[in-house]
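The values are calculated or read from the model by the stated rules, or taken from the named source; none is laboratory data. None of the values given here were measured: they were computed from a predicted structure. Counting neighbours? That spans all protein chains shown, and the Cβs are built from the backbone with ideal geometry, glycine included. All accessible areas refer to the heavy atoms of the entire protein, side chains included, with ligands and DNA or RNA removed. Shrake-Rupley method; radii C 1.70, N 1.55, O 1.52, S 1.80 Å.
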Amino acid sequence: MDKVAILGMGCSAFGERWEADAEDLMVEAFQECLADAGIEKDAIQAAWLGCAVDPINVGNSALPLATALRLQSIPVSRVENMCATGTEALRGAAYAVAAGACDIALALGVEKLKDTGYGGLPIRTKGLVNDLWMPYGSAPGTFAQLAEAYSAKHRVPMEDLKRAMAHVSWKSHENGARNPKAHIRKRVTIDQILNAPMISEPLGLFDCCGVSDGAACAIVTTPEIARSFGKQDLVTIKALQICASNGIESQSSSWDGTYLMNTRKAAARAYQEAGIGKPRHELSVMEVHDCFSVTELVTMEDLFVSPEGGATRDVLDGFFDAEGGLPCQIDGGLKCFGHPIGASGLRMAYEVYLQVLGRAGERQRKNVRVGLTHNLGGTPAHNVAAVGIFGRYGA
Amino acid sequence: MGMADAVGIKAFGAYIPRMRLKRAAAATAHGWAFPALQGLAKGARAFTDWDEDSITMGVEAARDAFASRDRSQVDALFLASTTLPFIDRSNAGIASLALDLPQTLRTLDITGSLRAGTSAMLTALCTSKPRDTLVVAAEARKTKPASSQELRYGDAAAAVIVGSKDVIAVFRGAASLNADFVDHYRAEGQKHDYVWEERWARDEGYLKLVPATVRRLFADTGLAATEVDRLIVPVALPGVAEGVSRAIGVRAEALAPQLLDECGDAGAAYPILLLARELERARPGQKIVVVGVGNGCDALLFEATGHIGSCNPRRGVDRAIKRGVEIGDYLKFLALRDEIELDWGMRSEFTNKIALTTEYRHSREMLAFIGGRCTRTGTVQFPKSRVSVNPEVHAVDTQVDAPLADAPARVVSFTADWLSYYPNPPFYFGLVQFENGARVSMEFTDVDRSLLRIGAPVSMVFRLKELDRRRAYRHYFWKATPVASDQ
């Protein structure tokens, strides 16, 4: 905690960037980040590139980043951890600084998804052995299963759950409409959400996040070095935790399909690392992995913010709305930014960073001290969960 | 030798796909051009889903026949069909793995004419001593839209276990006749049958070749026509079975009914399907003649024994008929049978190229659905792995076979996915929990939406997992089907 400070951050506009290559997105995010950090590019001693989908993206290895930014002969690593890729890249850079392996490191996540020719995420192989037996369901299909299971376990009638899920999406659209970098900046009504075409039962169109192009990045260093560059208000990394499934949920009988085991484990570890005892009261803002409305809903419980079975009530009470007790997705979330996979984790950190520094424009919340980011890759039954906590230095 | 020790049929089973096209729907769709098809617009015909073929149907018929009986007595498997998915890859071999039969099994694909079913059964009856032979016949014939075959044919499979101990029907004799009578044919590379005038097939084919064969059977076995209790003449043309029956001289009430309104003419499988139906209701001592027609004729005589009531297939013919759901959507029928190319979008461009090396390493696990049971903790899982998935004890290399195909299981979670490309949307999939502890992420098929809910029982069915059209390859695996109650 507080070993690593964020020197600068950048985020491209997210959206259907028909005019842009991945290279353009990387440069766009990086130029903002470099200016924010106030350093020369040559000061960066190591870099991590996160991108998740190979075949339609930038190609293998670290070369796409090194080449796009013309990083001169420094170590550049490429990481991939499904939808947690962005956080994974940041983790690499932060750990390098915390370990003293370098003074200044760059983490950049990028994904160019809108060159597939169709909506939704690209279809990929799951590995040659898995391909022999695993269903090839869509991402909404895998997360939709949370809803039936949650409804059955907590005896929340599907109608009520659908209304809470609709509120989740409605709130993010309200927030996204105020964010110039968001992909979707359109308000929708609860009725529109509830009556949208079905994608994967019970998830309708507005229960699903968009798919877009984008890049986001961070330059990290130690608080001492940041101070030496004249930075006054420091945002530091309080915790970065990642948890990967080992098959317990999908292959043994101990999991009931209503929550994300790894989110809970990553959150518990992150709170411990950051010294947070009561997240519902101590966190100022949250940016969670709202790939689908139901994911965000159960995540409120998995992050120990809502009591088990109580997320529906909190959501409907407006607790996570912009003016609520703990605003969630104040930037619009995946719902309005879309989900360029490798970039999303860093995009979330970017919003928390802006909020802590008071630079979030008309979205700015008051007295933001500590914010949380949450990333989730895979399916509820088999996933990689990442939780990051960022805040004012010393807070 | 007592009757019960003679060679004969020990068990039977059947499979009819769940979907049944209302013939009226097809006839109506073609009405603008072929109003005469209205004459065939009666009842419904069974048809395969995209993930079914002669192998999967045959496997299900064989599972029906095996029910809970010991499979180790079987040392040969004959698979008869004119619609085997592979020309050079043992179709019977795939079925034998799916049925988890011993690797030392003799396997044989029998094809080339619609007589393949009865000829396979006859061959088994002549060669099965002392061990049992599983004879499976399955057919899923493609039919050209607006052809009379489209309305007359149906897809189905049937199976008999032939052996020499505790038989339910003794084999009394057979006669065969070979004739290059080409009332229809399908050459290499042809998708559909080419069919000659039906009146000729009736007059010169059925009404002459069948009586000639059956009369020889009578002569060889000393049976009088009037002694026949059931005569099975599988034919879809109206009035022909009755004509044959009269020509032979059996009693009118002995003629076994067809299954045309419920299923349709299932080609090589049809005689055995009808035989299974008769065995399902036969009484001891009944004499049953079954005829198979295709470039000639086979006629076989069986006599039901005192064991006839002891054979209980898992489902049987009557229940296979009853599980049908009528489909009135003719375009769906065409799409599922590859008779029309719909625009499925770019998502359908993705094909999962199966690595044959990988598939072979896992062939028994996947085809027979064998998981692993940790000998230290008892944890059951699928697939097997070197390190156990048990949350506490990660024992290494402790797993023995844990068969899952017939294990009771329930739904943990599910969805109906409209986004994924799936040839018969929506794509149902979810988590399945086996009572033995294994949990598997599975596809669902033959879904009755009213039965699909959390905690609902499911049974396993053998299906196509992957149809790689580009490479004409088929990969098989198991899927879950919601069932009404624990069976």
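Which of the residues in region B:446-470 show a loss of at least 10 Å² in accessible area from their chain by itself to the complete set of protein chains, at a probe of 1.4 Å? Buried by 10 Å² or more upon assembly, which counts only protein chains, are B:Arg449, B:Ile454, B:Lys465.
By the gyration tensor of its Cα atoms, with a ≥ b ≥ c the square roots of the eigenvalues, what is the shape of region A:249-352: rounded for a/c under 1.5, prolate for a/b over b/c, or oblate? Here region A:249-352 falls in the rounded category. Of B:Val214, B:Ala33, B:Pro102, which is farthest on the positive side of the dipole of chain B, counting Cα position, with +1 on Lys and Arg Cβ, -1 on Asp and Glu Cβ, and the Cα centre as origin? Most positive-ward Cα: B:Pro102.
Considering only protein heavy atoms and a 1.4 Å probe, what is the carbon-and-sulfur percentage of the accessible area of region B:21-104? Reported share for carbon and sulfur atoms: 56 percent. Summing Lys and Arg as +1 and Asp and Glu as -1 over all other residues whose Cβ lies under 11 Å from the Cβ of B:Ile454 gives a net charge of +1. Among the protein heavy atoms of chain A, carbon and sulfur supply 50% of the accessible surface, probe 1.4 Å, non-protein parts ignored. Annotation: Cα Rg of region A:83-234 relative to the compact-globule expectation 2.2 N^0.38 Å equals 1.38. Separation of region B:227-243 from region A:74-133 is 69 Å, based on Cα centroids.
Percent of alpha carbon pairs in region A:219-283 separated by more than 19 Å? That tail contains 54 percent of the Cα-Cα pairs. Based on alpha-carbon atoms, the Kirkwood radius and the radius of gyration of region B:216-374 give Rg/Rh equal to 1.12.
Dividing the helix sum by the residues of the protein assembly as shown, where each DSSP H run of 4 or more adds -39500 (n - 2.57), gives a mean residue ellipticity at 222 nm of -8000 deg cm²/dmol. With all pairs of separate Cα atoms included, the protein assembly as shown yields a Kirkwood hydrodynamic radius of 30.2 Å. Here the Karplus relation 6.51 cos²θ - 1.76 cosθ + 1.60, evaluated at θ = phi - 60°, turns the backbone of region B:117-125 into coupling constants of x, 5, 5, 5, 5, 4, 4, 5, 5 Hz, with x for every Gly and Pro. The share of Cα pairs per 10 Å bin across region B:1-99, counted from zero up to the longest distance, runs 13, 31, 26, 18, 10, 2, 0 percent. Sorted largest first, the spans of the alpha carbon positions of region A:301-393 along the three principal axes are 38, 32, 27 Å. Using a 7 Å offset from Cα along Cα-Cβ at A:Glu224, what residues in region A:233-273 end up with backbone N under 13 Å from the label point? Residues passing the 13 Å test: none. With 5 Å bins beginning at zero, the pair-distance distribution over Cα atoms of region B:64-156 amounts to 3, 13, 22, 22, 18, 11, 6, 4, 2, 0 %. Report the relative contact order of region B:61-149, percent, no decimals, based on alpha-carbon pairs under 8 angstrom and at least 6 residues apart. About 41 percent, as a whole number. Among the protein heavy atoms, those of A:Met1 account for about 90 Å² of accessible surface (1.4 Å probe, every chain in place).
Considering all different alpha carbon pairs of chain B, the Kirkwood hydrodynamic radius works out to 23.4 Å. For chain A, the Stokes-Einstein estimate of translational diffusion at 4 °C and a viscosity of 1.567 mPa s comes to 63 µm²/s, using the Kirkwood hydrodynamic radius over alpha-carbon pairs. Projected onto the charge dipole of region B:312-351 (+1 at Lys/Arg Cβ, -1 at Asp/Glu Cβ, origin at the Cα centre), which of B:Val317, B:Ala335, B:Ser348 gives the Cα projection farthest towards the positive end? Going by the charge dipole, the pick is B:Val317.
Where does region B:349-399 land on the Kirkwood hydrodynamic radius, alpha-carbon pairs, in angstrom?
Computed over region B:349-399, the radius equals 12.2 Å.
Of all alpha-carbon pairs in region B:240-310, indicate the percentage at a distance above 16 angstrom. The calculated P(r) of region B:240-310 puts 53 percent of pairs beyond 16 Å. What the Cα atoms of region B:208-252 give is an Rg and a Dmax of 10.2, 31 Å. Can you tell me which of A:Ala96, A:Ala177, A:Ala149 moves the most in a GNM of chain A? Springs connect C-alpha atoms under 10 Å apart. Comparing A:Ala96, A:Ala177, A:Ala149 in the GNM, the peak value goes to A:Ala149. Compactness of region A:345-395, taken as the C-alpha radius of gyration over 2.2 N^0.38 Å, stands at 1.33. Computed from the C-beta positions of A:Arg369 and A:Asp160 and an R0 of 25 Å, the FRET efficiency is 0.15 to the nearest 0.05. Relative to one another, the C-alpha centroids of region A:184-228 and region A:329-395 are positioned 10 Å apart.
In region A:136-154, comparing the full protein assembly with the chain on its own, the residues that lose 50 Å² or more of accessible surface at a 1.4 Å probe are A:Tyr136, A:Gln145, A:Glu148. Look at the alpha carbon pairs under 8 Å that are at least 6 residues apart: their mean separation over the length of region A:147-202 gives a relative contact order of 31 percent.
Computed with a 1.4 Å probe over protein heavy atoms only, the accessible surface of chain B comes to 39 Å² per residue. Put simply, chains A and B cover up around 3500 Å² of each other's accessible surface, both sides summed, when a 1.4 Å probe is used.
Based on the Cβ-Cβ distance from B:Ala41 to B:Glu253, what FRET efficiency comes out when R0 is 30 Å, to the nearest 0.05?
Here the calculated transfer efficiency is 0.55.
A 1.4 Å probe run over chain A, with the rest of the protein chains in place, finds 34 Å² accessible per residue. Summing Lys and Arg as +1 and Asp and Glu as -1 over all other residues whose Cβ lies under 12 Å from the Cβ of A:Val387 gives a net charge of +2.
If R0 is taken as 30 Å, the Cβ-Cβ distance between B:Lys165 and B:Thr104 corresponds to a FRET efficiency of 0.90.
From the Cα gyration tensor of region A:1-141, with a ≥ b ≥ c the square roots of its eigenvalues, which class applies: rounded if a/c is under 1.5, or else prolate if a/b is larger than b/c, or else oblate?
Note, shape of region A:1-141 comes out prolate.
Taking chain A as a Gaussian network of alpha-carbon nodes connected by springs under 10 Å, the highest mean-square fluctuation of the residues A:Gly247, A:Gly127, A:Gly176 belongs to A:Gly127.
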